Every structure is written in C-alpha cells, then in structure tokens.
C-alpha cells in the first residue's frame, strides 16, 4: 500500500509540474489531460510493439487501486468538507428552494430521462443493455460531481449568486443520486421493483439522516473549537471530525457526503467567525486549501489512468457519444429549461440556464459508482459509457465553462 501511495503522489506531483511549466491548464484538468495522454500513448506504443512492460506496469498499478473504495470511502469526505467551507451560508439559505428543486426533482427526472433514452437508443448502435441497468446509468450520471464542480467552477468568474446555487446543488444532488443508485442497483440484482414507500423511506433515511447528522457534527465541532485557542489542536479537530464523522455516517447507513457538506458549511461560516482566532483561521484555511488542491490533483490523475482498464470497441465509442448527448439533453430539460422559463422566480441572472446546463460537470464519483457495480457485461458497458461522459465533461465543458459564463451572464 505504501508503494502505491508513493507512486500515485509522485506521479501527481510530476504531472502537476509538467502542466504548470508547459501545458498551463487549470491544475485538475491539466493533470487529467497529461495522465490520460500518457496512458493512451502507452496503449498506442504497445500496439506498435513498444513499451509493453511500461503499459503492464501502469495497468498493474491501476488494478491494485480500488478506485471506488479510495474515492467514496477515502477522499470524498475531505474534498466535500474543504469545498463546503467556502460556501456562504446566508446566500445558501436565500437560494434554498432553488437548490432543493435542482437536487431532488431534477435529479430524479434526469435519471428517468437518461435511463429510458439510453434503453431506446443503445440498440441502434449495436449495444444491448437492459432497462434496469440503463436506469442505473441514469442515476450515476445525472448528479453533478461536487468535486469537479467546486474544483473548476470557482475559477470561472461566475456571479456569486449563480456560483452559490451550482456549488450548493452539486453535493445535495450527489446525495440523492447515490440513494437512487443504491435502490436501482438492488432492483437490477434482484429483479424486484421496490415499492414507492420503500424508496421514499430509504431516501428520507439516507438524505435526511445525513443532513441531521451533519448539523450535529458541525455544531459539536464548533463548540470544541470555541473552547480552545491553539491552531494545531483546532486543525486536528477538524480533520478528526471529517474522517471520523464520515466513517460513522457509513456505519449508520446515512449520507456521509451530505453530512460533510452541512458540517463544512457550518464551520466555514459560524466556526470561522465565532470559534477561531485570526491565527487559527489562517492555518485552518491554509490546511484545507492544500488538502483540496492535493486530493483533487490525485483524483484526476487516477481518472486519467483508469482508461487502461476500460474496453473501447468502435461501437462503444459511438454509444459513449450517444450517452454524452443524452446526458447534456437531460440536464437541459430538467435544469436549463425550467430555470430559463422561471428566471424571475428563481432570482438568478438572465442567461443562468446556459451556465447551469453546461456547468453540470460529471467526474470521479460517477466513475467510482460505475466501478462498484458487480462484474459482468452490463458493468463493462456502463463503465465505458460513464468514462466517455466524464472525459467530455471535464475536458470540454470544464475548459469552456469560463467562456460560457462570460457570454451568458458576465463575470463578478
């Protein structure tokens, strides 16, 4: 395990250096581009009879990493807490109705639209995927990835109100998406359709429990921070609360991501204002900013390397293009059009619907969920489709979101 961690961190540092010196893309996108490019280059060289041993070594490394476990049970808690600390609680409360609507209603509607559309369209390109698994793909690809959104959107220059809605929506619709994914995965395995009451209770238990637990965790951490004034201890308290709280949420079968978001918002607002000295605030902010930057870079390097484990016959590339179009269309129908039609009611700048549609980035969480599906042909298809959508989302949408913001709503 130590060797794997050492190789991943070393590779990330080297790729970040190369990106900063020569490529000059935003760090998260740049390291993914270089990682993906190197992986594809090794595949190409191997097919020509060169670098076979290098490809096998990288493939062995990637196989030794349980990407789903590393992200969902390791990195995610730290990344969500770090990102949520920068969310303005006052503005989050102001736009709570918009965020709830986007997180719950839009995610559920998008899951249905993507699932049914893929079920109808995939046979046309020679890919066979049963309806339950098409819906499963819809559940994992419909939520925007909070890690990708927070990592890329913050440098786009979006108006503050729009940034609050997008960064507030993404972690909450992630929680809803994970619940839908769990329900649909159980249905796909058993072949039985859960009742409406069962699904609703599961949603309330996981999402509602995560919200309540996050508030309790955040309040408890706030009281601890307020009772001491030593930045080393306070930084350690925040780290322990995040890792320990996420682990406890998993054992309680409630949403750890939602709990981390609520706790992060509380500490980033009330905690920073009333429980920290200026010195502590400086060190806490610096620590979590470094955690955010380092883990984001490692995550996107791993996403780029995962391409070695995915089979891409020509029909799957075509199916991936179809999936990308369907995902964008579903985002437009469930988010863009309603926001555009109700622009006065949602109180967002004119043109926000374009940013919300194009800024619905997918990332490592979707890949991790796809990898958690039991092995089989359906899993291989879903994983290939997911990877195509994620790569398009990060490389194309992520690189152009700043331009879309400037043209649609201007910059703050």
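The values are calculated or read from the model by the stated rules, or taken from the named source; none is laboratory data. In this text the structure is predicted, and so the values were computed from the model without any measurement. Positions of Cβ are generated from backbone atoms using ideal geometry, with glycine treated the same way; all protein chains shown enter the neighbour counts.
Observations on the model:
- Elements of type helices (runs of 4 or more DSSP H) contained in segment 343-412, each with 1 or more residues being over 19 Å from residue 143 (Cα atoms) and in contact (Cβ under 8 Å) with a residue 60 or more places away in the chain: 343-346, 377-392, 398-408
- Candidates 136, 122, 92 - the one that is within 21 Å of the chain's Cα centre (by Cα), crowded, with 16+ Cβ neighbours inside 10 Å and at pLDDT 85 or above: 136
Results for (1) under 22 Å from the mean Cα position of the chain (by Cα); (2) surrounded by fewer than 24 Cβ atoms within 10 Å (Cβ to Cβ), shown as yes or no for each residue.
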position	(1), (2)
177	yes, no
185	yes, yes
197	no, yes
207	yes, yes
258	yes, no
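- Qualifying residue in segment 175-188 (condition: closer than 30 Å to residue 286 by Cα and assigned to a helix (DSSP H, G or I)): yes
- Failed criterion for residue 312 (all others in (1) modelled with pLDDT of 95 or more; (2) within 30 Å of residue 73 (Cα to Cα); (3) surrounded by fewer than 15 Cβ atoms within 10 Å (Cβ to Cβ) hold): (1)
- Those residues of segment 375-412 which are more than 21 Å from the chain's Cα centre (by Cα) and farther than 22 Å from residue 330 by Cβ, in sequence order: 375, 376, 377, 403, 406, 407, 409, 410, 411, 412
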